[in-house]
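Comments concern the structure below.
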Amino acid sequence: MSFLTEDEERQVVAAITEAENGCHGEIRVRLERHSRPNVLDSAANAFARLKMHKTRLRNGILFFVATEDHRFAVIGDAGINRYVTQDFWDEVTRTVECAFREGRIMEGLIAGINMCGAVLKKHYPVVDGEEDLDELPNDISKEK
Ligand code: CA
């Protein structure tokens, strides 16, 4: 699946690493070919399969893209949803989809990742003496 070039993937991973830097919270990107009728169902399913709920603070965020169906969704775990409302997810979705429509896939993902990173840094900063653990890999997970 050549949705993003290798170089673009590296830039997305770098954005995830930067977004997670200095805060607790885990961001991942999952690419699959197709989506269920409701893309949020597919995103929730991927979230569970990737065991993204297995973070200490329940603050995982998943960017889900159905590459052939051209569908996108972002979902966050209970820990994030203590601090943000649906408006936040809607805004991230709008930002990413707007870029996708212009064919700017990498830019859209990075813009969304940056928005989520700002929320994590605000609400889950790593304070002195705490370890900044990377609980989930920053790579892009792809359907085989
Ligand atoms: Ca991580």
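Points worth noting:
- Magnitude of the charge dipole for the stretch 35-144, about its Cα centre and with charges confined to Cβ atoms of Lys, Arg (+1) and Asp, Glu (-1), is about 320 debye.
- Semi-axis lengths, largest first, of the ellipsoid equivalent to the stretch 16-89 are 21, 13, 11 Å, with √(5λ) applied to each eigenvalue of the Cα gyration tensor.
- Using the Cα coordinates of the chain, the gyration tensor eigenvalues translate into equivalent-ellipsoid semi-axes of 23, 16, 15 Å, sorted from longest to shortest.
- Entry note, the chain: relative contact order of 37 percent, from Cα contacts under 8 Å with a spacing of 6+ residues.
- Of the peptides 41-49, 25-33, the order by per-residue mean of other Cβ atoms within 10 Å, starting with the highest, comes out as 25-33, 41-49.
- In the context of the full set of protein chains, the chain has a per residue accessible area of 52 Å² (1.4 Å probe).
- Per-residue ellipticity at 222 nm computed for the chain from its helices equals -14500 deg cm²/dmol, with DSSP H segments shorter than 4 residues left out and the rest contributing -39,500 (n - 2.57).
- About its Cα centre, the stretch 34-81 has a charge dipole of approximately 300 debye under the convention of +1 per Lys or Arg Cβ and -1 per Asp or Glu Cβ, with nothing else charged.
- With the simple spin-label model, which puts each label point 7 Å out from Cα in the Cβ direction, the ASP132 to GLN86 separation comes to 3.5 nm.
- Each peptide in 55-66, 90-101 gets a packing score, the mean of other Cβ atoms within 10 Å over its residues, and the list from highest to lowest is 55-66, 90-101.
- Carbon plus sulfur fraction of accessible area for the chain, probe 1.4 Å, in percent: 49
- Ranked by the mean number of other Cβ atoms within 10 Å of their residues, highest first, the peptides 75-82, 5-12 fall in the order 75-82, 5-12.
The values are calculated or read from the model by the stated rules, or taken from the named source; none is laboratory data. Bear in mind the structure is a predicted one, so any value in this text is a computation, not a measurement. Note that we place each Cβ from the backbone using ideal geometry, even for glycine, and neighbour counts take in every protein chain shown. Protein only, heavy atoms only, side chains kept; ligands, DNA and RNA dropped before computing areas. Shrake-Rupley method; radii C 1.70, N 1.55, O 1.52, S 1.80 Å.
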